[in-house]
Amino acid sequence: MKRACLVIALAVAPVEAYASGAPTGPSGMTAELSRPAEPRGPETLYKVGSEAGFENWVQGFRKRAMALGIIPSVFDEAFSNITYNSEIIEKDRNQSEFVKPIWDYLDKAVSEKRIENGKKALRKYRRLLERIEDRYGVDKEVVVAIWGLESSFGQNRGELPLIQSLATLAYEGRRGAFFEQQLVAALRIIQAGNVAPDDMTGSWAGAMGHTQFIPTSYLAFAVDYDGDGRRDIWSDDPADSLASTAAYLAKSGWKLHQPWGVEVQLPEGFDYGLAGERTAKSITEWASLGIRDMKGIEVPNHGVASLLLPAGARGAAFLVFSNFKAIEHYNAADAYVIGVGHLADRLKGGDPIQASWPRNDRALQFAERVELQQRLTAAGFDTGGADGKVGPKTVAAVKAYQKSIGLLPDGYASLDILTRLR
């Protein structure tokens with residue numbers, strides 16, 4: 001698909017994250033946060049990290065917020081007692097170096113305990129979830145799976161003042177334009193009467209509620225399911241949050257009772273160059289190439305599919321369908337999508353992933369991913385830049401390099417490839 005998913009960014013999920021340099025969340029937060037910060041005005045010419053500088057920034061931002069329709073009294077109430085929080089910046093800067101292999105991530109994302117808790121949540125909220133499924137056409141199990149990964153079924157929603165988190169990140173400036181956008185959206189949520197400033201809490205990265213919406217995603221997709229006049233995703237009652245998640249997936253193209261993907265086995269001599277989102281084939285075409293499910297049967301026709309190899313040729317393989325892309329809209333990281341999809345399958349009574357993983361491998365650190373890209377490009381295999389993010393161009397470059405030296409071209413950006421390049 002869009003990335004080789006040896007590593008992922010997940011800023012808010014209780015599952016220990018492994019990062020590619022930016023937190024993710026609803027509305028494809030990885031892509032948005034990865035944009036370069038826009039040039040900022042004269043009021044930002046101060047020493048980042050100082051309290052005086054932060055106060056200067058607040059005054060400058062206040063003018064920009066007013067110009068975008070935020071009422072002065074709303075702004076002043078939301079920013080009362082808000083100070084710069086250096087711990088948030090430390091978390092933001094350090095996350096890109098915290099990496100986990102996909103198998104370690106999935107061990108926690110789809111642990112037996114999480115499956116057990118997910119089944120309990122399905123039983124406890126079955127009537128609510130069935131009504132949500134009927135209204136939005138989204139399987140209740142995938143809604144519960146997102147709930148589980150994002151907040152452990154509401155247990156870890158985040159307790160930090162959201163305005164402070166967003167303001168600190170906007171002031172720091174590395175992704176200032178994005179976080180100012182989120183701040184304005186948060187102020188609009190308050191201004192609309194959906195939540196009081198003191199009750200608007202969330203993660204350090206600015207995500208909130210049972211299913212960790214960022215403010216712009218809230219404005220675009222959140223719903224008032226219980227009809228009380230507020231889109232309340234902070235309440236202990238998860239109704240609005242779960243319905244909002246279903247509404248998000250529905251607008252992202254979710255197809256009811258269709259799989260996100262199917263684990264498959266590949267025949268001996270398979271052309272691994274066919275893996276990735278750039279190759280989409282019908283089920284008939286994949287079957288003609290010898291691909292079968294884990295029982296040796298041809299995969300049913302769920303539409304056009306691509307082949308995903310999240311750990312290269314030595315790990316599990318999946319044919320993924322349009323529902324994969326629907327979850328991807330919620331969070332763009334491949335392993336997150338696999339985690340949600342597989343957890344939903346297990347909640348339905350499905351089997352564990354059957355293929356083995358290359359558990360003796362370790363994930364590349366951020367600096368190593370940058371070095372890999374630099375060395376590939378220097379060797380004549382252009383990666384389109386060295387940003388530490390293993391995207392389609394880097395995967396293609398790895399494949400070309402592997403082919404040039406007689407290796408299986410699976411595109412897996414491993415330590416072995418970096419060692420060979422060195």
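Mean residue ellipticity at 222 nm, helices only, the chain: -13500 deg cm²/dmol; runs of at least 4 DSSP H residues each add -39,500 (n - 2.57), and the sum is divided by the number of residues. For Lys113, the accessible area of its heavy atoms, probed at 1.4 Å with every protein chain present, is near 120 square angstrom. The Cα center of segment 371-412 and the Cα center of segment 230-303 differ in position by 27 Å. Each label point was placed 7 Å from the Cα along the Cα-to-Cβ direction; for Thr284 and Gln258 their separation is 1.8 nm.
Report, in debye and to the nearest 20, how large the dipole of segment 87-198 comes out about its Cα centre when Lys and Arg carry +1 and Asp and Glu carry -1 on their Cβ. Walk me through the numbers on the way to the answer.
Details: 19 positive and 18 negative charges, 106 e Å.
Magnitude of the dipole: close to 500 debye.
Which of the following values of Cα extents along the principal axes in Å was calculated from the structure shown: [x] 69, 50, 45; [y] 68, 55, 32; [z] 56, 54, 53? Matching entry in [x] 69, 50, 45; [y] 68, 55, 32; [z] 56, 54, 53: [y].
Spin-label pair Asp351-Glu112: with each label point 7 Å from Cα along the Cα-Cβ axis, the two points sit 1.9 nm from one another. Note on Val264: accessible area is roughly 10 Å² with a 1.4 Å probe, heavy atoms of protein only.
Legend: calculated FRET efficiency, Asp293 to Thr419, from the Cβ-Cβ distance at R0 = 41 Å, rounded to 0.05, equals 0.70.
The heavy atoms of Met66 offer some 50 square angstrom of accessible surface to a 1.4 angstrom probe.
Probe of 1.4 angstrom, ligands and nucleic acids ignored: what's the accessible area per residue over segment 146-296, in square angstrom?
Numbers: 5410 Å² over 151 residues.
Roughly 36 Å² per residue, with all protein chains present.
Here the chain has 49 percent of its accessible surface on carbon and sulfur atoms, given a 1.4 Å probe and all protein chains in place. Computed on the Cα atoms alone, the convex hull of segment 291-422 gives a volume of 135 cubic angstrom per residue.
Taking 7 Å steps out from each Cα toward its Cβ at Lys124 and Arg62 produces label points 4.3 nm apart. For the chain, the longest principal axis of the C-alpha atoms and the axis of helix 51-67 are separated by about 90°. Considering Cα pairs under 8 angstrom that are at least six residues apart, work out the relative contact order of the chain and quote it in whole percent. Relative contact order here is 21 percent.
Within a Cβ distance under 12 Å of Asp240, other residues only, what is the Lys/Arg minus Asp/Glu net charge? Summing Lys and Arg as +1 and Asp and Glu as -1 gives -4.
The values are calculated or read from the model by the stated rules, or taken from the named source; none is laboratory data. All figures in this text were calculated on a predicted structure; none of them were measured in a lab. We place every Cβ from the backbone using ideal geometry, glycine too, and count neighbours over all the protein chains shown. Side chains are part of the model used for accessible areas, which takes the heavy atoms of the whole protein and leaves out ligands, DNA and RNA. Shrake-Rupley method; radii C 1.70, N 1.55, O 1.52, S 1.80 Å.
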